[in-house]
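The values are calculated or read from the model by the stated rules, or taken from the named source; none is laboratory data. Quick caveat: nothing in here was measured; it's all calculated off a predicted structure. Note that we place each Cβ from the backbone using ideal geometry, even for glycine, and neighbour counts take in every protein chain shown. Note: areas computed on protein heavy atoms with side chains; ligands, DNA, RNA excluded. Shrake-Rupley method; radii C 1.70, N 1.55, O 1.52, S 1.80 Å.
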Amino acid sequence: MVALLFFATTINYIDRQVIGLLKPYIQDDLHWSEMDYGHIVTAFQIAYAFGMLACGKLIDKMGLRWGYVFSVTIWSIGTILHSMVNSVLGFSAVRAILGFGEAGNFPSAVKTIAEWFPKKARAFATGIFNSGSTTGAIVAPIIVVAITLNWGWRSAFVITGALGLIWVIAWLLVYQPPRKHKHVNQAELDYIHSDKDEEEQPHVAWRELFRYKQTYAILFSRFLTDWVWWFFLFWAPDFLAKTQGIDLKATVLPLVVIYLMADLGGISGGFISSRFLMKGYSADFARKTTILIFALLVLPLNAVPHLKSLWLVVFLIGLATSTHQAWASNIYTVVSDVYPKHVVGSMTGIASVGGAIGGALASSFVGLVLDVTGSYTAIFMIASCMYLLAWLTLKLFVPIKQIQF
């Protein structure tokens, strides 16, 4: 099951990254300004925010089987539609379709992990499926550049969009809840349901989640940090091209290295947290200590705009992306630690709204800063501090123990 979540997340990130990789091509072809591009990215983020609210609740109501299918189908169609538009408004519209559909991936995946794994194993399982985001970011430059150089940038959207439709078939063939799955025996069911503090509770209204300070703190922490990851996805190819003087083909290897590092960060973040638990530490100590360790590693990002060495720049950006993935592996798990299983999808969606709003505001801000100053210095300086601030928010306002509704 984790393999399916991994591949869905991989496709999710391939589809969202295509436009960042092709920005120089499309910008020259369609004459976008930096602000135009920022507004297009913002349209994606706003739709992603609304989608998180809608999809999280939809998945809790529909169930994982059909909720996940709905999400992946919508975003795949949205990706393909990119090949048919020419204006800034047209791209904004299809990015919105893509964003709304993609919003369902993480609520679905986190809910699947909560459904299939006990608490002590969730962080590591989450790290594995979440590594699909960096795998997608690794694979995307290779396939998108190859498709574009051979058949043009529009074909890249058609081919990558089709991958999600193939995944839908595999999901429908394989997925069933643990109790209905023919390959799950009683011993495995006992292991999955080994958390005594996670008995099913009555239906919880969406508004009830906002009675707790943990909801606001987790949402705010995502607001602070998610935009940094989006910034790298949508602007790193452009940053490398403009500051290091390399073309589209030459960006492939640096981007692969950056996201390989991110992949390792995602898995190690989940592994370290799980190891703390296995050694007898509390979930509160395990999650927050792991987050602090990785937050400190992102501070050198501040130096990146001042460096001339391509590979030192690549290393520091890769260190920052690995930090984000380690953070993500733990923050998704914090949601399943703090909230009962039957509201995990809704809470993941609510928390992700904070990240999407932060990303939407940051995208327009980045475009404005680049148009006005032509420099990335202020953007990197702000990004380097965000994870420590997010850790402090969690430290002060989120005791990691399950809420009793």
Among Met62, Met35, Met52, what's the order by accessible area (1.4 angstrom probe), most exposed first?
Met62, Met35, Met52
Expressed in angstrom and ordered largest first, the alpha-carbon extents of the chain along the principal axes are 58, 42, 35
Rg [Å, one decimal], Dmax [Å, integer] - segment 204-285, C-alpha atoms
18.8, 54
Please report the base-10 log of the normalised intensity I(q)/I(0) for segment 88-137, using a Debye sum with one equal scatterer per alpha carbon and no solvent, at each q in 0.19, 0.26, 0.28 (1/Å).
-0.71, -0.96, -1.02
Rounded to the nearest whole number, the Stokes-Einstein translational diffusion coefficient of segment 102-180 at 37 °C and 0.692 mPa s (Kirkwood radius, C-alpha pairs) in µm²/s is 222
Only Lys, Arg, Asp and Glu count, each charged at its Cβ (+1, +1, -1, -1), so figure out the dipole size of the chain about its Cα centre, rounded to 20 debye.
760
Normalised by the residues of segment 1-123, what does the relative contact order come to in percent, with Cα pairs under 8 Å and at least six apart?
34
Please give the Cα centre distance for segment 52-82 versus segment 258-294, rounded to the nearest Å.
29
Largest to smallest accessible area among Glu34, Glu115 [probe 1.4 Å]
Glu115, Glu34
With every protein chain kept in place and ligands, DNA and RNA left out, what is the accessible area per residue of segment 306-405? Probe 1.4 Å, answer in Å².
33
Binning every alpha carbon pair distance of segment 274-315 at 10 Å from zero, what are the percents per bin?
25, 32, 20, 20, 4
Under a Gaussian network model of the chain whose springs join Cα atoms within less than 10 Å, the largest fluctuation of Leu297, Leu30, Leu361 belongs to Leu30
With a 1.4 Å probe and every protein chain kept in, tell me what percent of the accessible surface of the chain is carbon plus sulfur.
69
Segment 252-330: Cα Rg divided by the 2.2 N^0.38 Å rule of thumb:
1.20
Take the Cα pairs of segment 1-146, get the Kirkwood Rh, then feed it into Stokes-Einstein at 10 °C and 1.306 mPa s and tell me D in µm²/s.
100
How are the Cα pair distances of segment 230-365 distributed, in percent, across 10 Å bins from 0?
12, 34, 33, 16, 5, 0
Which one, Phe380, Phe100, Phe223, has the greatest fluctuation when you compute a Gaussian network model over the chain with C-alpha springs under 10 angstrom?
Phe380
Is any helix in the chain, taking whole DSSP H runs, at least 15 angstrom long along its axis by alpha carbon and on average at least 1.0 on the Kyte-Doolittle scale, and which ones?
64-81, 88-102, 153-174, 252-278, 283-297, 310-338, 344-373, 386-397
Order Ile128, Ile14, most accessible first, counting only protein heavy atoms with a 1.4 angstrom probe.
Ile128, Ile14
Note down the relative contact order for segment 59-174 as a percent, whole number, built from C-alpha pairs under 8 angstrom at least six residues apart.
40
Could you check which residue among Asn330, Asn12, Asn86 shows the biggest mean-square fluctuation in a GNM of the chain with a 10 Å Cα cutoff?
Asn86
Sorted peptide list for 388-394, 147-153, 322-328, criterion being average Cβ within 10 angstrom, highest first
322-328, 388-394, 147-153
With the charge dipole of segment 245-363 built from beta-carbon charges (+1 for Lys and Arg, -1 for Asp and Glu) about the Cα centre, the Cα from Ala286, Leu307, Ala250 projecting farthest to the positive end belongs to Ala286
